Each structure stands twice: as C-alpha cells, then as structure tokens.
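**Q** The structure follows.
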Amino acid sequence: MLTLISPSKINLFLQVVGRRPDGYHDLASLFQTVSFFDTLHLSLCKQDELSCTSRYIPIDHTNLVLKAAECFRKHTGLRVGVHAHLVKRIPHRAGLGGGSSNAATTLWGLNQLCGKPATEEQLMLWATELGSDVPFFLSKGTSYCTGRGEKIRPIPLKYSQKLWIVKPNRGLSTPKVFSQVDLNLLQNRNPENSLHRFQTGIFDCYNDLETAAYKVYPKLLDLKTTLLNAGFSSVSMTGSGSAFFCLGDVQPPKIPKTRCFECSFITREEGWYESEK
Ligand code: C5P
C-alpha cells in the first residue's frame, strides 16, 4: 500500500487573459503547492473501491480519484482496480484544487504501484482530460500555468514562505465565478512581469477572479477587508474562491463561520510530496 500526501495549491497571481470559443478562459497564473493536504492510501485490487473521511465528498464514479483510475486504465490498457481511502482535509469549492490534487496523486500512485508503465510527462498529458488544474499537481510544486491552466512552466522559486488559508463556510462554484468575469474591467497587466517580480522576491499577489466572486458572494469582500485590517501584508483569493491566503507575520482574528489553516509553501524534487508535520 502507498500512503501519499495530496497537497492543496494557491494562485500567487491569477490573470484572466481572455474568453475562449470552447467556453474556458485563457489564464496566466503562478501556482504554488502548500502544506495543507489530504492523505490518500492506495493499493491495487480487482475492482475500484473508494472510502473517504468526509461525508460531503461523493465516493462514486464522479469522484476524481475514481475518474483518475479510469483514465489510467484507458491509457495504459492495464486491467487494475484501485482501493483508495481518502483522508479529507482540503475544503471543496474553495479554489484550493483539492479534487484536482487527489486526481493527480491517484495517477502518480497507480503508476508507482504498477511498476511505472508511464513517464511523468505522459501522466501530465493524461491529466489534462481530468481538469484544467490536474497537470499542475504533477509538477514540482511551483509552476507558471497558461492556456486553461494546463500548460506548465516549472519555476525554481525557493522560498519557504508561511501563510494562512482562510475559508468561509460558504463555497463557490468555479463555472459560476468564471461566468461573472467582465473582461472589460480587468487590469491590463503583463503576467511575465508579475512572474519576474516573484522571482526577485517581490510578492505582489492578485487574482482577476476576485471581482467576479464578490458578485456571486458579496460578503467575501468584507472578509478580505477584515483580514487586511488584521495586519496581513497581502490577502488574495485563491483560484475561483472562496478561500483567501494571507501573508504577513500576524494571526488571523476569530471570524464567525470561517476556518483558518496555517501552512507553508512545499515543493518536491523527485518522488512525491512529503509531510513536514
Ligand atoms: O477544467 P475544470 O473542470 O476544472 O473547469 C471547471 C469549469 O471552470 C469549466 O467548465 C469552466 O466553466 C471554468 N473554467 C474556465 N476557464 C479555465 C478553467 C475553468 O472557464 N481556465
């Protein structure tokens, strides 16, 4: 049996570049994995079987763990089943990529259990079929992502930055937030400049999806204001929300109907992610 960490991600910056004919949006975003993670226990068996510690997560074929297993079989031609137990900590509808991470971890884990029939490049290609964020989780943990998020450029960003993730109980639907984006109101930034600033240690975080998320859930803006007033140097939404990540040497205040998680950036060299805890 394999026991693997399935980390969450934040978007250090996220720029919406345009709307595409296929309904998706072209993005330019710096993705970073963080040490707030699910744990996935995987072993091979005859028929797929998934269990999960959270009763809010479906354990049928709609779960990305089982979709990843199906995808692995389709591409390798191997007739293997997976026995998976998911210890869920990453909230869903948060913009933290929890489901996508679980899918990537399953692909990577199944490949290990089957004697590595696929290269990591192949796994990344197959991962694009499972969701826009899934290939990123097969990268080393810091990547500049373009296209719908699936085009990965690894970035050697070597900061062991601490952060807080703040998640209101209410979550947000990714398609709904994207549907509220008004392209005319977006700031005209050069994402390559944003990337360069991060590489020189200037953490200038922003997310073009924030305004769209405030339209869907106006109280989110009050939460951001509260966090900035608490003294954080930077408060930015991750993905399509509803979670924020906060940088700065302060503690988040107690906010009703909101949960806070302290974590730090993590990366991997080879193998898979390892817990620091
Ligand atoms: O690829 P994924 O399944 O994660 O996308 C979920 C939804 O989010 C898409 O159906 C689309 O509405 C929206 N999306 C988008 N542009 C992206 C990624 C996602 O519009 N780059």
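The values are calculated or read from the model by the stated rules, or taken from the named source; none is laboratory data. In this text, all values refer to a predicted model and were calculated from it rather than measured experimentally. Don't worry about glycine lacking a Cβ; one is built from the backbone with ideal geometry, like all the others, and counts go over all protein chains shown.
**Q** Show me the helices (runs of 4 or more DSSP H) found entirely inside segment 103-204 where at least 3 residues are farther than 23 Å from Leu64 by Cα.
**A** 191-199
**Q** Still on this structure, I have one more. Out of Lys151, Lys116, which single residue is within 12 Å of the ligand (Cβ to nearest atom) and over 21 Å from Thr62 (Cβ atoms)?
**A** Lys151
**Q** Restricting attention to segment 38-71, which residues are touching a helix residue (DSSP H, G or I) at 6+ places or on another chain (Cβ under 8 Å) and part of a strand (DSSP E or B)?
**A** Within segment 38-71, Asp38, Leu40, Leu42, Ser43, Leu44, Leu50 qualify.
**Q** Something else now. For residues that are within 24 Å of Thr211 (Cα to Cα) and of a type in the set (Ser, Thr, Tyr), scanning just segment 4-32, find the one that is surrounded by the most Cβ atoms within 10 Å (Cβ to Cβ).
**A** Checked segment 4-32; the qualifying residue surrounded by the most Cβ atoms within 10 Å (Cβ to Cβ) is Ser8.
**Q** Which condition breaks for Ala103 when tested against (1) closer than 20 Å to Glu120 by Cα; (2) buried (at least 24 other Cβ atoms within 10 Å of the Cβ); (3) within 16 Å of the ligand (Cβ to nearest atom); (4) touching a residue at least 40 places away in the same chain (Cβ under 8 Å)?
**A** Checking Ala103 against (1) closer than 20 Å to Glu120 by Cα; (2) buried (at least 24 other Cβ atoms within 10 Å of the Cβ); (3) within 16 Å of the ligand (Cβ to nearest atom); (4) touching a residue at least 40 places away in the same chain (Cβ under 8 Å), the one that fails is (4).
**Q** Mind counting the residues in segment 106-122 that are out of contact with any Asp or Glu (no Cβ under 9 Å at 6 or more places or on another chain) and surrounded by fewer than 24 Cβ atoms within 10 Å (Cβ to Cβ)?
**A** 11
**Q** Any chance segment 73-96 includes a residue that's at positive phi and within 16 Å of the ligand (Cβ to nearest atom)?
**A** yes
**Q** Could you count how many residues in segment 83-97 are out of contact with any strand residue (DSSP E or B) (no Cβ under 6 Å at 6 or more places or on another chain) and surrounded by 14 or more Cβ atoms within 10 Å (Cβ to Cβ)?
**A** Within segment 83-97, residues that are out of contact with any strand residue (DSSP E or B) (no Cβ under 6 Å at 6 or more places or on another chain) and surrounded by 14 or more Cβ atoms within 10 Å (Cβ to Cβ) number 2.
**Q** Any chance segment 44-58 includes a residue that's at pLDDT 95 or above, within 16 Å of the ligand (Cβ to nearest atom) and surrounded by 24 or more Cβ atoms within 10 Å (Cβ to Cβ)?
**A** Within segment 44-58, not a single residue is at pLDDT 95 or above, within 16 Å of the ligand (Cβ to nearest atom) and surrounded by 24 or more Cβ atoms within 10 Å (Cβ to Cβ).
**Q** Among the residues of segment 227-246, count how many are closer than 20 Å to Lys215 by Cα, surrounded by fewer than 24 Cβ atoms within 10 Å (Cβ to Cβ) and of a type in the set (Gly, Ala, Ser).
**A** The qualifying residues number 1.
**Q** Filter segment 173-190 down to the residues that are of a type in the set (A, V, I, L, M, F, W, C) and more than 11 Å from the ligand (Cβ to nearest atom), then identify the one that is surrounded by the fewest Cβ atoms within 10 Å (Cβ to Cβ).
**A** Across segment 173-190, the extreme among qualifying residues is Leu185.
**Q** Residues being touching a residue at least 40 places away in the same chain (Cβ under 8 Å) and not basic (Lys, Arg): count how many of those fall in segment 154-190.
**A** Residues in segment 154-190 being touching a residue at least 40 places away in the same chain (Cβ under 8 Å) and not basic (Lys, Arg): 20 in total.
**Q** For Lys9, state whether it is of a type outside the set (Val, Ile, Thr), within 16 Å of the ligand (Cβ to nearest atom), touching a Gly at 6+ places or on another chain (Cβ under 6 Å) and at pLDDT 95 or above.
**A** yes
**Q** Further question: Considering only segment 247-257, state which residues are more than 19 Å from Leu96 (Cα to Cα) and either surrounded by fewer than 16 Cβ atoms within 10 Å (Cβ to Cβ) or among the aromatic types (Phe, Trp, Tyr) (or both).
**A** Correct list: Asp249, Val250, Gln251, Pro253, Lys254, Ile255, Pro256.
**Q** Which of the numbered conditions does Asp222 fail, given that it passes all the others? Conditions: (1) surrounded by fewer than 13 Cβ atoms within 10 Å (Cβ to Cβ); (2) more than 20 Å from Ser100 (Cα to Cα); (3) within 16 Å of the ligand (Cβ to nearest atom).
**A** Here Asp222 clears every test but (3).
**Q** Also, quick follow-up: Return yes or no: is Thr142 within 16 Å of the ligand (Cβ to nearest atom) and modelled with pLDDT of 95 or more?
**A** In short, no.
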